[in-house]
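To start, the structure under review is shown below, and the notes come after it.
All of the numbers you see were taken from the coordinates with simple rules; none came from a lab. Bear in mind that the values here come from a model prediction, so they are computed numbers and not experimental data. Backbone-built Cβ (ideal geometry, glycine too); neighbour counts: all protein chains shown.
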Amino acid sequence: DMGGHDTYMHKEISEQPDAVDRVLRGRIDDRFSTVHLGGLNLDPREARGIRRVKILGCGTSYHAGLIGAGLIESLARIPADAEPASEFRYRNPVVDPDTLYIAVSQSGETYDVLAAVQELKRKGARVLGVVNVVGSAIAREADGGVYVHAGPEVCVVSTKCFTNTVTAFALLALHLGRIRDLSVADGKRIIEGLRKLPAQIQEILEGEEDIKKLAAEYAEAKSMMFIGRVRGYPVALEASLKLKEISYIHAEAYPASELKHGPLALIEPAMPTVAIVPDDDLLEKNRAALEEIKARSGRILAVAHRVQEKADHTILVPKNEDELDPILMGIPLQLLAYHTALALGRDIDKPRNLAKSVTVE
Ligand code: F6R
């Protein structure tokens, strides 16, 4: 049942305010400015002993994990990174008892992620799951975890589950942070930011008509570049993946500062750039990248908190706390990919060559 939408993807994009509300519900503890995560199976003493966090997933879940690693590093000050699960499991990784491993999966059935979890458990590691489907293989195999409560996702490409997974990581990072060195004031600040998310997502969705007009223009591109920095880079990776999956337009994502180390050679009017430009401490650096692109006659679409003069178009998103901005900045780009694919007449819910759940190696 598409509930009045033409595609499941559109329905699932539209459901995000409610979905995010669900991942937050019942978990916020205002008294201690923290969150409770019932199924974590990690007591405070164990949480304090974690020296590193390694996040594993595939595709969109890997991108959610990259943002999750950034959240854990900034809020809990634990070194954290994310890696595609298959890369991890094929390289005979050093498994360290002080590392917390986190497997991310919408379906909970992705073979490469499941195999990585089983290998880690066999080597005695502690593995948590950040999973959508309750009772799925990865959820059962993990020592504990956080359900992301996005609800059923039918469209082959992931949208609402991505947003909820990143929000679940914000909860986990806040929880770990408040057990360690995150102050009450910062805990409060993040909680207030989390509570704003559903209404801010709604506000972004109300800009759909404008994004649709932009999509009609960008649908002519043969290839597109996506750039971002630090928190914005995984947003660029995910937006680029979404565009290629459903529109079949070639797209690449790069950290903004890597442009001058090679990809700048590709910039010309026929290769537009989508730039993630949040109003944070990197704003001036990002503006410099826009200037570099403009100087090569590149067209620029910025996703930003205020209009970017160097860009040909800016999609404005509401500002949240710096740490939570990536949750919001990806959402207009889901709509951009959607309307680009629609303008090109693609089969959006079932893109060619792709399956919802990849249970083979
Ligand atoms: C992209 C997409 C895929 C999945 C990937 C992992 O839109 O949906 O990249 O994210 O196949 O799937 P899960 O999260 O079920 O493990």
Give the distance, in whole Å, between the Cα centre of region 254-293 and the Cα centre of region 78-96.
-> 29
For region 1-102, fraction of C-alpha pairs farther apart than 18 Å, in % | 64
Residue-by-residue Karplus 3J(HN,Hα) for region 313-318, coefficients 6.51, -1.76, 1.60, Hz, glycine and proline x | 9, 10, 9, 8, 10, x
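Kindly provide the Kirkwood hydrodynamic radius of region 83-151 in Å, to one decimal, from all pairs of distinct alpha carbon atoms. Numbers along the way, then the final one.
Values: mean 1/r = 0.0844 Å⁻¹.
Across region 83-151, the inverse of the average 1/r is 11.8 Å.
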Compute the acute angle (0 to 90°) between the alpha-carbon long axis of helix 111-122 and the principal axis of greatest extent of the alpha-carbon atoms of the chain; round to the nearest 10°.
-> 30
Rounded to the nearest 10 degrees, what's the angle between the helix 331-343 long axis and the longest principal axis of the chain, both from Cα atoms, 0 to 90?
-> 50
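If Lys and Arg each add +1 and Asp and Glu each add -1, what is the summed charge of the other residues whose beta carbon sits under 13 Å from the beta carbon of ASP181? Write out the running numbers ahead of the final one.
Working: positive: ARG48, ARG77, ARG178, ARG180; negative: GLU73, ASP186.
Net local charge, ASP181 excluded: +2.
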How big is the antiparallel share of DSSP beta bridges in region 194-347, given as a percent to the nearest 5?
-> 0
Square roots of five times the Cα gyration tensor eigenvalues for region 235-289, Å | 20, 15, 9
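Run through the DSSP bridge list for region 102-214 and note the antiparallel percent, rounded to the nearest 5. Display every interim value, and only then the final one.
Numbers: 0 of 8 bridges.
Antiparallel bridges: around 0 percent, rounded to the nearest 5.
Short version: what are the Cα gyration tensor semi-axes of region 204-323, square root of 5 times each eigenvalue, largest first, in whole Å? Kindly include the intermediate steps, with their values, before the conclusion.
Values: eigenvalues 71, 66, 37 Å².
Over the Cα atoms of region 204-323, the ellipsoid semi-axes are 19, 18, 14 Å.
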Tilt of helix 160-179 relative to the longest C-alpha principal axis of the chain, in degrees (0 to 90, nearest 10)?
-> 50
Which order results if LEU354, LEU120, LEU42 are arranged by neighbouring Cβ count within 10 Å, fewest first?
-> LEU354, LEU42, LEU120
Estimated vicinal HN-Hα couplings, Hz - region 34-41 in sequence order (Karplus 6.51, -1.76, 1.60; Gly, Pro = x) | 9, 10, 9, 10, x, x, 5, 6
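According to the Cα gyration tensor, what semi-axes, each the square root of 5 times an eigenvalue, does the equivalent ellipsoid of region 255-330 have, listed from largest to smallest in whole Å? Intermediate results must be reported in sequence, preceding the final value.
Working: eigenvalues 95, 33, 20 Å².
Square roots of five times the eigenvalues give 22, 13, 10 Å.
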Sorted largest first, the Cα spans of region 210-263 on the principal axes come out in Å as 30, 21, 19
Compactness summary of the chain: radius of gyration and Dmax from Cα atoms, Å, are 19.6, 56
So how long is each side of region 288-330 along the principal axes, counting just the alpha-carbon atoms, biggest first, in Å?
-> 33, 16, 15
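Take the Cα pairs of region 123-224, get the Kirkwood Rh, then feed it into Stokes-Einstein at 10 °C and 1.306 mPa s and tell me D in µm²/s. Each step should come with its number before you reach the end.
Numbers: Rh = 16.8 Å.
Translational diffusion coefficient: 95 µm²/s.
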All-pairs alpha carbon distance profile, region 54-180, 5 Å steps from 0, percent = 2, 13, 24, 26, 20, 11, 3, 0
